[in-house]
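Inspection log for the structure reproduced underneath, given as structure tokens.
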Amino acid sequence: MSTDVMSVDVMNTESNTPVFSVDGLWKVFGPKADRIPADPELSSLTPAELRTRTGCTAAVRDVSFDVRKGEVFVVMGLSGSGKSTLVRCLTRLIEPTAGTIAIDGEDVRAMDKSRLRELRRHRAAMVFQHFGLLPHRTVLDNVAYGLEIQGMGKAERRRRAAEVVAKVGLEGMEQRKPAQLSGGQRQRVGLARALAVDPQVLLFDEPFSALDPLIRRDMQEEVVRLHREEGRTMVFITHDLSEALKLGDRIALMRDGQVVQLGTPEEIVGSPADDYVREFVRDVPREQVMTVRTAMRAGDCGGIEHPGALAADAVVAEAIKVVARSRKAACVVENGRCLGVVDHERLLDVVAGTELRKEAV
């Protein structure tokens, strides 16, 4: 095998290695917690039965997933579903009871204290709901704090901090103290502080839930922009479905410590795994989530005239406008190749859920 081919194979292997890989993860609170995952009878009990019989609470129950390089992986669920406990287990801010966690193939549960510090300082930075800013430090020095802990020199860390402050839209506010900032601005400082250490992955634990709706939307847009520009891997915890659908490449929906469905926003909205998920997504505007790939009739366009091709990942709402304006079916194109055709009837079927129900029968 040539050196060039070998290097390509190595690159492909590295790109396919999950950033985080979680398998059979449990976190049980209570007496003799480690017996719960190991006992099939106890592990199968409902949360109420488990508390009554053992005095234990299983906050995370046999959860498995991979986080791919460069994706925004959202964990969502209602209060008490286990999502915040789960994200804290990833860096052992909370010690798991059972299961495996790996970052780039390295066993997180086997890390000693020194290696854990390195993980939290350099590889996986957490952005919390409560900003935890140092009140007597300026914006610039708050952002540079993680670099200071790493031992970076003052001039270099302030230069790096200034770059990140500008990146999150706080240029000109470097010398302000936290008390002089709005809630959204303080959250931007928290985000900048995490970005400054250039982590491999950003872990967000419901960072925007305390913000006013308009500020929250601005911060969501900021995350989208940063992800688009940097391609940084993110794990995002939220209880808000619209936030999950907006930010997530994939979503793990949790209930009672378990992942009840894991998939793309389109998969979760279009094909709910059970009645719980179906109820969760009932009021979601399907045309804003479902893509024309779902609506199209596969096959060659067959010479259909149309005013412009639709990308396969275009949402149905966009396609409806195109088809309505032209009053003709439209081609769905990917990489210059025609994948199929959509017309008004098929688009409306997807909006109503008709097409997916037909396929499910």
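The values are calculated or read from the model by the stated rules, or taken from the named source; none is laboratory data. Treat the numbers as computed from the prediction; the structure is a model and nothing was measured. For neighbour counting, all protein chains shown are included, and Cβ atoms are generated from backbone atoms with ideal geometry for every residue, glycine included. Please note that ligands, DNA and RNA were not included when accessible areas were found on the heavy atoms of the full protein model with its side chains. Shrake-Rupley method; radii C 1.70, N 1.55, O 1.52, S 1.80 Å.
Could you tell me whether residue 147 is modelled with pLDDT under 90, open to solvent by less than 60 Å² (accessible area, probe 1.4 Å) and part of a loop (DSSP other than H, G, I, E, B)? Steps first, please.
On the way: modelled with pLDDT under 90: yes; open to solvent by less than 60 Å² (accessible area, probe 1.4 Å): yes; part of a loop (DSSP other than H, G, I, E, B): no.
So residue 147 does not fit the description; no.
Suppose we filter 192, 179 for residues that are part of a helix (DSSP H, G or I) and open to solvent by 40 Å² or more (accessible area, probe 1.4 Å); which single one remains? Talk me through it step by step, then tell me what you get.
On the way: 192 fails: open to solvent by 40 Å² or more (accessible area, probe 1.4 Å).
Being part of a helix (DSSP H, G or I) and open to solvent by 40 Å² or more (accessible area, probe 1.4 Å) holds for just one of 192, 179, which is 179.
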Consider residue 125 against the criteria (1) surrounded by 14 or more Cβ atoms within 10 Å (Cβ to Cβ); (2) part of a loop (DSSP other than H, G, I, E, B); (3) touching a helix residue (DSSP H, G or I) at 6+ places or on another chain (Cβ under 6 Å): it satisfies all of them except one. Which criterion is unmet?
-> (2)
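One line per residue, one yes/no per condition, for (1) in contact (Cβ under 8 Å) with a residue 24 or more places away in the chain; (2) under 30 Å from residue 192 (Cβ atoms); (3) part of a loop (DSSP other than H, G, I, E, B); (4) open to solvent by less than 30 Å² (accessible area, probe 1.4 Å):
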position	(1), (2), (3), (4)
45	no, no, yes, yes
53	no, no, no, no
101	yes, yes, no, yes
109	no, no, no, no
Per the list (1) crowded, with 21+ Cβ neighbours inside 10 Å; (2) modelled with pLDDT of 85 or more; (3) out of contact with any Phe, Trp or Tyr (no Cβ under 8 Å at 6 or more places or on another chain); (4) in a helix (DSSP H, G or I), residue check on residue 294 breaks on (2)
Kindly list the number of the only condition in (1) out of contact with any Gly (no Cβ under 7 Å at 6 or more places or on another chain); (2) touching a residue at least 12 places away in the same chain (Cβ under 8 Å); (3) crowded, with 18+ Cβ neighbours inside 10 Å that fails for residue 200.
-> (3)
Filter region 241-265 for residues that are more than 24 Å from residue 98 (Cα to Cα) and open to solvent by 40 Å² or more (accessible area, probe 1.4 Å); which is nearest to the chain's Cα centre (by Cα)?
-> 249
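Output yes when any residue across region 237-253 is part of a loop (DSSP other than H, G, I, E, B) and free of Cβ contacts under 8 Å to residues at least 60 places away in the same chain, and no when none is.
Going residue by residue through region 237-253, those that are part of a loop (DSSP other than H, G, I, E, B) are 239-240, 248-249.
Going one step further and asking which of them are free of Cβ contacts under 8 Å to residues at least 60 places away in the same chain, we end up with none.
Checked against the condition, which is being part of a loop (DSSP other than H, G, I, E, B) and free of Cβ contacts under 8 Å to residues at least 60 places away in the same chain, region 237-253 yields no hits at all.
Residue under question is residue 220, and the condition is that it be open to solvent by 40 Å² or more (accessible area, probe 1.4 Å), of a type in the set (S, T, N, Q) and on the phi < 0 side of the Ramachandran plot; does it hold?
Numbers: open to solvent by 40 Å² or more (accessible area, probe 1.4 Å): no; of a type in the set (S, T, N, Q): yes; on the phi < 0 side of the Ramachandran plot: yes.
When the stated conditions are applied, residue 220 does not pass them.
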If you scan region 203-217, which residues turn out to be without any contact (Cβ under 8 Å) to a residue 60 or more places away in the chain, open to solvent by less than 70 Å² (accessible area, probe 1.4 Å) and either in contact with a His (Cβ under 8 Å, 6 or more places away or on another chain) or among the charged types (D, E, K, R) (or both)?
-> 216
Within region 270-286, the residues that are under 24 Å from residue 84 (Cβ atoms) and either open to solvent by less than 40 Å² (accessible area, probe 1.4 Å) or assigned to a loop (DSSP other than H, G, I, E, B) (or both) are 272, 273, 274, 277, 281, 284
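Does residue 85 fit the bill of being assigned to a strand (DSSP E or B) and either farther than 24 Å from residue 184 by Cα or open to solvent by less than 30 Å² (accessible area, probe 1.4 Å) (or both)?
Working: assigned to a strand (DSSP E or B): no; either farther than 24 Å from residue 184 by Cα or open to solvent by less than 30 Å² (accessible area, probe 1.4 Å) (or both): yes.
Spelling it out, it is not the case that residue 85 is assigned to a strand (DSSP E or B) and either farther than 24 Å from residue 184 by Cα or open to solvent by less than 30 Å² (accessible area, probe 1.4 Å) (or both).
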What number of residues within region 223-240 are touching a strand residue (DSSP E or B) at 6+ places or on another chain (Cβ under 7 Å), within 12 Å of residue 77 (Cα to Cα) and either surrounded by fewer than 19 Cβ atoms within 10 Å (Cβ to Cβ) or of a type outside the set (A, V, I, L, M, F, W, C) (or both)?
-> 2
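Does any residue of region 16-33 turn out to be without any contact (Cβ under 8 Å) to a residue 12 or more places away in the chain, over 30 Å from residue 152 (Cα atoms) and open to solvent by 70 Å² or more (accessible area, probe 1.4 Å)? Break it down into steps so the answer makes sense when it comes.
Kept after step one, since they are without any contact (Cβ under 8 Å) to a residue 12 or more places away in the chain, are these residues of region 16-33: 16.
Now narrow it down to the ones that are over 30 Å from residue 152 (Cα atoms): 16.
Filter once more, keeping what is open to solvent by 70 Å² or more (accessible area, probe 1.4 Å): 16.
The answer is yes; a qualifying residue exists.
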Which one is farthest from residue 127 (Cα to Cα) among residues in region 150-176 that are open to solvent by 40 Å² or more (accessible area, probe 1.4 Å) and touching a Lys or Arg at 6+ places or on another chain (Cβ under 8 Å)?
-> 152
